[in-house]
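Structure, as structure tokens:
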Amino acid sequence: MKIKRVHWELVVLVIIITAVTIYVSRNGAFAKLGPGHLKEAMFYDKLPDNNVQCHLCPRNCTIPEGRYGFCRARKNIKGKLYAMGYANPCAVHIDPIEKKPLFHVLPASDSFSIASAGCNMRCKFCQNWQISQFSPEETQNLFVPPEKIVQKALETKCKTIAYTYSEPTNFYEYMLETAKIAKEKGIKNVMHSNGYINQEPLKELCKYLDAANIDLKAFNNKYYKEICGGSLEPVLETLKTLKKEGVWVEITNLILPTLNDDPKDIKKMCEWIRDNLGTDVPLHFSRFYPTYQMKNLPPTPKETLQKAREIATGVGLRYVYIGNIVGNPAESTCCPKCGKVIIERVGYNIIKNNIKNGKCKFCQEKIAGIW
């Protein structure tokens, strides 16, 4: 059995980043954005009395002077809207691409992953609430401009840059400018997002985006409103636009016991994916563990996840996975034609990869993805 080799240069980078973080923290030099760092936001209108209206996401927040939008990441300063997370990441890591999760994108490769604080939803189960539910002015950050992110990705031989952890829509300008430079340098761009973004900024981003994993949190608007503080329809529009613009799409559905585990809703969701995005879109059913404001619920039963997978494959989806369960065979990829295992996974490690030139090595069936 072959386990992915440790990349010692990546370990060294993490040690360096940690050391810099400790040094900066002890010396009180974490990036508090001053005039030289501030980045004016895109997609907003100026209104009377120094108010502004943001048009980045479906909330279309009207923001008085000195206040943040709902996301806590965009602030009205003297009648101009600023992206407070620009070049101001609170998280910089190197992850396996499988952690995004993106199972059909460059297996066993590393992804240079960044985030700044903020989110335009309020999911009560958020596992990264320590950064998603705060503003960039409340977190400990490093000043890292887009060109430096790309430079580090090149130095560490990462094949992708991932915009992840919090909600990348809220550091849109940072993501967009980094993605433009990365594309010029031959590095692919991927994001993990809640999909809550307006169409104009989304289409501009799609010019530089290669792949996205979108959280489709449930298939009813009541759940989105009461549990996530959002709405379903804009997320569905995002998924359709990503597909239309040629971005590789994977979907994650985190199943919470008693809240979004109704088999009828799961079937409707899977049928919508099949009819609007196609049968080749990978769907990841993820196990919930008690966290944040949802510590009253138990972990998702394995049987619930297995039933959801049966429903998805039953309506014709070809690549359906179960995540967040140790030793789970449903995290490997099987050929939809011959049924043989073509990518064997254990956690984030790739044990075997039997895809050659984008095809199953055994029967030559074309396997959808970025290989």
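The values are calculated or read from the model by the stated rules, or taken from the named source; none is laboratory data. Remember, predicted model here, so these are calculated numbers, not experimental data. Note: ideal-geometry Cβ built from the backbone for every residue, glycine included; neighbour counts use all protein chains shown.
Descriptive notes on the structure:
- Given (1) buried (at least 17 other Cβ atoms within 10 Å of the Cβ); (2) touching a strand residue (DSSP E or B) at 6+ places or on another chain (Cβ under 8 Å), number of the condition L47 does not satisfy: (1)
- Failed criterion for T258 (all others in (1) out of contact with any Lys or Arg (no Cβ under 6 Å at 6 or more places or on another chain); (2) under 30 Å from A179 (Cα atoms) hold): (2)
- Residue check for Q293: touching a residue at least 40 places away in the same chain (Cβ under 8 Å) and out of contact with any Leu (no Cβ under 6 Å at 6 or more places or on another chain): yes
- Residue match in the range 100-108 (condition: in contact with a Leu (Cβ under 9 Å, 6 or more places away or on another chain), among the aliphatic types (A, V, I, L, M) and either in the same structural domain as V144 (by TED's automatic domain parsing) or assigned to a loop (DSSP other than H, G, I, E, B) (or both)): no
- Filtering the range 224-281 to residues that are under 25 Å from Q133 (Cα atoms), over 20 Å from the mean Cα position of the chain (by Cα) and touching a residue at least 24 places away in the same chain (Cβ under 8 Å) leaves P257, T258, L259, N260.
- Which listed residue is among the charged types (D, E, K, R) and at pLDDT 95 or above, from R72, R5, R26: R72
Matching residues to (1) within 16 Å of F288 (Cα to Cα); (2) in contact (Cβ under 8 Å) with a residue 12 or more places away in the chain; (3) of a type in the set (S, T, N, Q):
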| residue | (1), (2), (3) |
| --- | --- |
| T300 | yes, yes, yes |
| T304 | yes, yes, yes |
| R309 | yes, yes, no |
| T313 | no, no, yes |
| G316 | no, yes, no |
| Y321 | yes, yes, no |
| V326 | yes, yes, no |
| S332 | no, yes, yes |
| C335 | no, yes, no |
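Conditions tested, residue by residue: (1) touching a helix residue (DSSP H, G or I) at 6+ places or on another chain (Cβ under 6 Å); (2) more than 19 Å from G369 (Cα to Cα); (3) among the hydroxyl-bearing types (S, T, Y); (4) at pLDDT below 95.
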| residue | (1), (2), (3), (4) |
| --- | --- |
| C228 | no, yes, no, no |
| P234 | no, yes, no, no |
| W248 | no, no, no, no |
| L254 | no, yes, no, no |
| T258 | no, yes, yes, no |
| D261 | yes, yes, no, no |
| Y292 | yes, yes, yes, no |
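- With respect to the conditions (1) touching a helix residue (DSSP H, G or I) at 6+ places or on another chain (Cβ under 8 Å); (2) surrounded by fewer than 24 Cβ atoms within 10 Å (Cβ to Cβ), Q127 falls short on a single one, namely (1).
- Checking A330, A308 one by one, the residue that is more than 17 Å from P107 (Cα to Cα), within 24 Å of the chain's Cα centre (by Cα) and hydrophobic (A, V, I, L, M, F, W, C) is A308 and no other.
- Lone qualifier among L239, L202, L209 - being within 24 Å of E331 (Cβ to Cβ) and buried (at least 16 other Cβ atoms within 10 Å of the Cβ): L239
- Selection over the range 125-167 of residues that are assigned to a loop (DSSP other than H, G, I, E, B) and β-branched (V, I, T) gives a count of 4.
- Strands (runs of 3 or more DSSP E) contained entirely in the range 317-371, each with at least 1 residues that are loosely packed, with under 15 Cβ neighbours inside 10 Å and of a type in the set (V, I, T): none
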